[in-house]
Ligand code: DX5
Ligand code: ZN
């Protein structure tokens, strides 16, 4: 299991310190939640703060867009050279075109599925993407309760992924901690995002290690 702590639950008064700490504690990616107050009912960070995160991070960035006008935000963050940019399929008229655009910028493209969106929505995109991010809460906030029906969705997605593009990673985001990580691993998850579980812990390394199943 690869671990991507969500900076949304970090102490924003000490953001660089917290980003360095999760990297030192052995995370694999730094998960950055960008919200615009339109696609989701919350507003987070733009390029000034994300570039501060990029400077502090010693692990690659995994940028999760929860916005309208995806292409505008992709172009805004591309100069920071993140490893992944993922966007919501529910908010994109031309997801295939945007996937090609992200790849043309030298960034790995990924698609995000809201809790109601079926695994099959990415079937004809799977061959062209490097990650599918499955939301296990409604996007917008950290610290929400895990929605258990996503386990079956991951099993269906894994079957599609294994057939079409075995290199594409399956990532889960929302309500993840040591109590549900094993069932998620078994269902087919490769990368877990964890915000409140990691940043709420006394020791980041112990928390991150407990997710490495
Ligand atoms: C929610 C964000 C998540 C969030 C996860 O919209 O995409 O990345 O920070 O937080 P936890 O792990 O606390 O559910
Ligand atoms: Zn996220």
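Coordinate-derived values only; no laboratory data. Quick caveat: nothing in here was measured; it's all calculated off a predicted structure. Please note: Cβ atoms are built from the backbone with ideal geometry, for glycine as well, and neighbour counts cover all protein chains shown.
Separation of segment 71-126 from segment 137-155 is 19 Å, based on Cα centroids. Taken along the Cα-to-beta-carbon direction at a fixed 7 Å, the label points for residue 52 and residue 145 span 3.5 nm.
Antiparallel versus total DSSP beta bridges in the chain: what percent is that, nearest 5? It would help to have the intermediate numbers written out before the result.
Working: 1 of 32 bridges.
In the chain, DSSP labels about 5 percent of beta bridges as antiparallel.
Distance between the C-alpha centres of segment 158-213 and segment 1-62: 17 Å, rounded to the whole angstrom. Sorting 15-25, 31-41 by average packing, meaning the other beta carbons within 10 Å per residue, from highest down gives 31-41, 15-25. Going by neighbour counts of Cβ atoms within 10 Å, the residues 11, 209, 202 line up, fewest first, as 202, 11, 209.
In the chain, helices alone account for a calculated mean residue ellipticity at 222 nm of -9500 deg cm²/dmol, with every DSSP H run of four or more residues adding -39,500 (n - 2.57). Across the chain, Cα pairs under 8 Å and at least six residues apart give a relative contact order of 22 percent. The simple spin-label model puts a point 7 Å past each Cα toward its Cβ; for residue 124 and residue 163 those points are separated by 1.6 nm.
Among 48, 213, 132, 191, the ranking by other beta carbons within 10 Å of each residue's beta carbon, starting with the fewest, stands as 48, 213, 191, 132. When 84, 141 are sorted by how many other C-beta atoms sit within 10 angstrom of their C-beta, beginning with the fewest, the order is 141, 84.
For segment 86-170, give the share of DSSP beta bridges that are antiparallel, in percent and rounded to the nearest 5; count only bridges with both residues there. Walk me through the numbers before you get to the answer.
On the way: 0 of 9 bridges.
Close to 0 percent.
Using 0.36 nm times the number of residues separating residue 96 and residue 206, minus their current alpha carbon distance, what extension gain do you get? Can you show the working numbers first?
On the way: separation 110, 0.36 × 110 = 39.60 nm, distance 3.94 nm.
Length gained between residue 96 and residue 206: 35.7 nm.
Distance between the pseudo-spin-label points of residue 14 and residue 69 (7 Å out from Cα toward the beta carbon): 3.6 nm.
What FRET efficiency, computed as 1/(1 + (r/R0)^6) with R0 = 35 Å and r the Cβ-Cβ distance, is obtained for residue 104 and residue 43, rounded to the nearest 0.05?
On the way: r = 29 Å, r/R0 = 0.82.
Computed FRET efficiency for residue 104 and residue 43: 0.75.
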